[in-house]
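Notes for the one structure printed next.
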């Protein structure tokens, strides 16, 4: 995710969302194309549980 248009998280720190100006898909550990004006919405436990790496 590039840029930080907006973000929010609820009071319990469970549901969150963030938006950016552009983002990149990652497949097999490599950049695999760009997307623009993206938003990501998830629950904290699902998000952290699905991570393979942080860089």
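The values are calculated or read from the model by the stated rules, or taken from the named source; none is laboratory data. Please read these numbers as outputs of a predicted model, since none were measured by experiment. Here the Cβ is made from the backbone with ideal geometry for all residues, glycine too, and neighbour counts use every protein chain on show.
Overview of values
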quantity	calculated
Residue match in segment 1-8 (condition: loosely packed, with under 11 Cβ neighbours inside 10 Å, modelled with pLDDT of 85 or more and over 13 Å from the mean Cα position of the chain (by Cα))	no
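Yes/no matrix, rows are residues, columns are (1) modelled with pLDDT of 90 or more; (2) under 15 Å from the mean Cα position of the chain (by Cα):
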{"position": "13", "(1), (2)": "no, no"}
{"position": "24", "(1), (2)": "yes, yes"}
{"position": "29", "(1), (2)": "no, no"}
{"position": "41", "(1), (2)": "yes, yes"}
{"position": "52", "(1), (2)": "no, yes"}
